[in-house]
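The values are calculated or read from the model by the stated rules, or taken from the named source; none is laboratory data. Computed from a predicted structure; not experimentally measured. Every residue, glycine as well, gets a Cβ built from its backbone with ideal geometry; the counts of neighbours run over all protein chains shown. Keep in mind that these areas ignore ligands, DNA and RNA; they rest on the heavy atoms of the full protein, side chains included. Shrake-Rupley method; radii C 1.70, N 1.55, O 1.52, S 1.80 Å.
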Amino acid sequence: MKTAAAFIGLAFTYFASQAKADRYLVIAHFPPHLAGSIDKALEEVKKEAQWASWFGDAGLAVKKQRDEINKALEERGIGRDEEDPLSVVVNERGERQKITHPFAYRIYRKDGKIVVEIRKKGKVVFNYTTDNVEDAFWTLLEKGRELNDTLPEILYRLIEYKYDLPLTYSAFAIPFCNGTYYGPDVKPLRVVIDGSVKVHYFIENRTIIPLHLPEAITITNVTRVGEVWLSKYYVVDACALPKVNKRGVIAIVHRDKLNSVVKILEKYLGEEPVVLPIS
């Protein structure tokens with residue numbers, strides 16, 4: 001899967017990358033409290049860049065979550081270990097430590113049933129079998145609360161399953177205003193503009209009250225140009241969408257102007273933007 005968010009882990013500072021390419025993609029995500037500065041920053045960047053624009057966020061709704069969750073339960077289960085092998089935190093002494101949890105859990109399908117399993121120090125301390133996926137999620141949330149863990153990831157999975165939310169691939173919404181689309185060849189193309197999830201929930205009586213859930217709209221006025229833009233990113237024309245909130249500035253910059261563009265954006269952001277070589 002290629003996503004607009006995937007570049008974050010690849011970011012590196014501009015001064016370390018100047019000798020590697022003639023052109024660079026510069027991406028500046030503005031936090032909500034600085035969004036009012038996007039237009040000013042863009043005007044300054046345009047004077048130095050080969051091309052520059054504002055961008056928003058969009059989600060390409062290519063699948064449904066309920067099918068994906070059922071597939072995960074069937075193939076590998078949904079769970080976590082007591083010690084997370086992929087996540088670390090830095091303590092007050094600057095030491096890297098693996099994230100630990102008070103217990104491990106796993107939800108999986110076996111012999112047509114859904115099994116909920118909780119382990120502590122490798123020992124099973126809770127086991128529950130049901131025919132209903134939602135029942136399994138609620139049961140784990142109830143046990144998690146008893147064990148002083150709110151399990152927000154399981155709550156989110158429950159919401160995804162219950163309301164069959166769209167599974168989205170992240171994309172840039174850029175105002176090309178010519179119908180440009182880079183992404184999967186799916187018809188009809190459905191896009192989520194606001195992917196936020198807001199609910200009230202009550203574990204004690206297994207109730208969820210939706211306040212806002214993502215909705216996918218069908219887009220017909222775009223033309224697919226290719227799978228990805230600049231070899232990496234999904235893009236949909238912002239002019240083809242009913243409403244897009246500006247999230248930042250994106251620019252293609254020659255290496256001779258890279259330092260100037262980075263300094264402009266750093267002035268508005270308070271930190272360096274993401275800089276990636278264009279191959």
Packing rank of 259-271, 210-222, where each peptide gets the mean count of other beta carbons within 10 Å, highest leading: 259-271, 210-222
With bins 10 Å wide starting at 0, give me the P(r) of region 22-159 over every alpha carbon pair, in whole percents. 9, 27, 21, 19, 16, 7, 0
Which value, in debye to the nearest 20, gives the size of the charge dipole of the chain about its Cα centre, when Lys and Arg are +1 and Asp and Glu are -1 at the Cβ? 320 debye
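Between beta-carbons, use under 15 Å as the cut-off and find the net charge around P188, counting Lys and Arg +1, Asp and Glu -1.
On the way: positive: K63, K64, K187, R190, R224; negative: D185, E215.
Around P188, the charge tally is +3.
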Considering the alpha-carbon set of region 108-263 alone, what are its Rg and its Dmax in angstrom? 21.8, 63
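Excluding ligands, DNA and RNA, what is the solvent-accessible area per residue of region 151-279 at a probe of 1.4 Å, expressed in Å²? Each step should come with its number before you reach the end.
Details: 6340 Å² over 129 residues.
Heavy-atom SASA per residue in region 151-279 reads 49 Å².
Given the Cα-Cα distance of E146 and D22 and 0.36 nm per residue of separation, how much length would full extension add, in nm?
Values: separation 124, 0.36 × 124 = 44.64 nm, distance 5.75 nm.
The span from E146 to D22 would gain 38.9 nm if fully extended.
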Can you find, among L158, V197, H29, the residue sitting farthest towards the positive end of the charge dipole of the chain, where Lys and Arg contribute +1 and Asp and Glu -1 at Cβ? H29
Could you list the GluC sites (Glu not before Pro) in region 90-155 that lie in coil according to DSSP, counting only those with at most 14 other Cβ atoms within 10 Å of their Cβ? E92, E95
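Under the definition of Cα pairs under 8 Å and six or more residues apart, what whole-number percent is the relative contact order of region 88-211?
Numbers: 111 pairs, mean separation 15.4, N = 124.
This gives 12 percent for region 88-211.
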Using only helices, what value at 222 nm comes out for the chain when you add -39,500 (n - 2.57) per DSSP H run of length 4 or more and divide by the total residues, to the nearest 500 deg cm²/dmol? -6500 deg cm²/dmol
Take the cross-link list K40/K243; K64/K143; K198/K246; K46/K263; K63/K162 and give me the ones stretching past 24 Å between alpha-carbons. K64/K143
Which of the aspartates and glutamates could a cross-linker bridge to K110, judged by Cα under 14 Å and excluding same-chain residues fewer than eight apart? E74, E75, D131
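Could you tell me the relative contact order of region 153-279? Use alpha-carbon pairs under 8 Å, at least six residues apart, and round to a whole percent.
Working: 157 pairs, mean separation 36.6, N = 127.
Normalised by residue count, the contact order of region 153-279 is 29 percent.
State the extension gain, in nm to one decimal, for the chain segment bounded by N259 and S196, taking 0.36 nm per residue of separation less the distance between their alpha-carbons.
Values: separation 63, 0.36 × 63 = 22.68 nm, distance 3.51 nm.
This chain segment gains 19.2 nm when fully extended.
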Roughly speaking, to the nearest percent, how much of the chain's 1.4 Å accessible area is carbon and sulfur? 48 percent
Candidate values [x] 22.3, 64; [y] 20.3, 60; [z] 18.1, 55, label of the one derived for Rg and Dmax of the Cα atoms in Å: [x]
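Calculate the FRET efficiency for Y128 and Y163 from the Cβ-Cβ distance with a Förster distance of 41 Å, rounded to the nearest 0.05.
On the way: r = 23 Å, r/R0 = 0.57.
That pair, Y128 with Y163, gives E of 0.95.
Is there a quick way to get the dipole size of region 189-248? I mean about its Cα centre, with the Cβ of Lys and Arg at +1 and of Asp and Glu at -1; what is the value in debye to the nearest 20?
Numbers: 8 positive and 5 negative charges, 27 e Å.
That gives a dipole near 120 debye.
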